[in-house]
Structure formats: C-alpha cells, structure tokens
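Heads up, the thing below is written out as structure tokens.
Every number here is computed from the coordinates shown, using simple stated rules; none is lab data. A quick note: this is a predicted structure, and the numbers were derived from the prediction, not measured. FYI the Cβ positions are ideal-geometry reconstructions off the backbone, even for glycines, and counts take in every protein chain you see.
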Amino acid sequence: MSIKHTIVALVENKPGVLNRIASKWRQRNFNIESLAVGHSESEGLSRMTFVVDAATTDVEQVVKQVDKLIEVIRIEDISDRPIINRELALIKVKATPANRSEVLQIVGIFRANIIDVSSTTLIIEVTGDEDKVDSLLALLGDYGILELCRTGRVAMIRGEDGVTVSEDDHREILLPHLNGDRAPGGIF
C-alpha cells in the first residue's frame, strides 16, 4: 500500500549532499513530492524534510541506504509519530475592484495575510497544513491564480522527542581530528 511518508534528515551543510541523497530516491524510482532544506539548530548541519508517496517497506530500504552516506548524520521516517507539519505558500491572484472584497473575505477566513497589493492583483501568504493550503487554492482558483510558490512540508515531532544530535555528537561531527580522525576537507 502506498502512503505519504515524511522523512527528516540532518546532514552536513556541504555542496553535493542534496544531490547524493536525491539520487538514492531516484535509483529506487521514487518521486519526491516535496523537499524543504534549511539550516538546523546545530552549526554546520542542515535539516531536510522529504515527502514521498510509497510503500512503507520501500521507504525503509531507501532510508537505510541514505543513512549509509557519510554526510548524513541522522535520518528518520517520522510518518507514524505525532508530528506538527506546516507549509508556506505565496499566491498571486487576480483582484479587480469588483471582486477584491470577496477575495479579502476568503483570505480572512483562512487567517492568511495580504503581503502585496496592486491595482489588479493581490499576493497572499498562507501557512498551515497541506489541506489548508489546498483548500485556499481551490477557492481562489475561481478568481484566477496568476502565480504560486509553495515551500513543501516542514515537520517536527511533538513533545520532547525530536530529530536532533546531542552536543557531544555535534562536536565530534565538526571536530573529528580531536578524536584522532581526519578533519573535514583533509586538514590535519
């Protein structure tokens, strides 16, 4: 059975890492439905959030393969965990004087924000789960969506648990030569 999986990875913030990880998904013929990458709470590490639609056993296999990459510090399928997830979308919609008040009402109902106004358009910012973003898009479609930009899902595990590294593990990642290993980039 195919379901949407949310995969979170902490990786070294280096060129080529995204390509190496994405190649593992491509080798298994997976389509990445969304991907969000940004800095994490740990210096030198980026957080990647992937959403893939696949059978659980197939996802487990790819996660194990990705985990073997040296730049991957931690990876976890958090789909079965209690999570909070959000997506950001910027939507440019036609808004004439005749329909502008209707568009503004819809935006208000979704607790979205107007971030730019012109004589013929509005740019709307909405944050929420994918269903909220999809619902707003469906209603705004009648007015004419001119441009759309979505971030993809970002997610965290609820409560005290999380996809993080300890301070000691982080120090070891950044300064392996202190433990007698080679430093990043071959220095020392």
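The residues of the range 41-75 that are surrounded by fewer than 19 Cβ atoms within 10 Å (Cβ to Cβ), more than 24 Å from P15 (Cβ to Cβ) and not polar (S, T, N, Q), listed by number, are D53, A55, D58, E60, K64. So is L139 over 25 Å from V8 (Cβ atoms), outside any helix (DSSP H, G or I) and touching a helix residue (DSSP H, G or I) at 6+ places or on another chain (Cβ under 9 Å) or not? Against the criterion (over 25 Å from V8 (Cβ atoms), outside any helix (DSSP H, G or I) and touching a helix residue (DSSP H, G or I) at 6+ places or on another chain (Cβ under 9 Å)), L139 does not qualify.
Taken together, the criteria exclude V66 from residues that are over 16 Å from T164 (Cβ atoms), touching a Phe, Trp or Tyr at 6+ places or on another chain (Cβ under 9 Å), touching a residue at least 24 places away in the same chain (Cβ under 8 Å) and part of a strand (DSSP E or B). Selection within the range 121-134: residues that are of a type outside the set (A, V, I, L, M) and outside any strand (DSSP E or B). The member of this set that is surrounded by the fewest Cβ atoms within 10 Å (Cβ to Cβ) is D131.
Considering V107, V93, V103, the condition of being in contact with a Ser or Thr (Cβ under 8 Å, 6 or more places away or on another chain) and either farther than 23 Å from H39 by Cβ or in a strand (DSSP E or B) (or both) is satisfied by V93 alone.
Evaluated against (1) within 22 Å of the chain's Cα centre (by Cα); (2) among the hydrophobic types (A, V, I, L, M, F, W, C); (3) surrounded by fewer than 16 Cβ atoms within 10 Å (Cβ to Cβ); (4) over 24 Å from W25 (Cα atoms), L137 falls short on exactly one condition, (3).
R81 fulfils the conditions (1) more than 18 Å from I145 (Cβ to Cβ); (2) of a type outside the set (A, V, I, L, M); (3) assigned to a strand (DSSP E or B) except for a single criterion, (3).
Scanning the range 1-59 for residues that are outside any strand (DSSP E or B) and of a type in the set (A, V, I, L, M) gives M1, V17, L18, I21, A22, V59. Among residues of the range 6-29 that are within 17 Å of R47 (Cβ to Cβ), those with a beta-carbon under 7 Å from a residue that is surrounded by 12 or more Cβ atoms within 10 Å (Cβ to Cβ) and polar (S, T, N, Q) at least six positions away or on a different chain give the pairs T6/T49; T6/S79; T6/N85; V8/T49; L10/S40; V11/S46; N13/S46.
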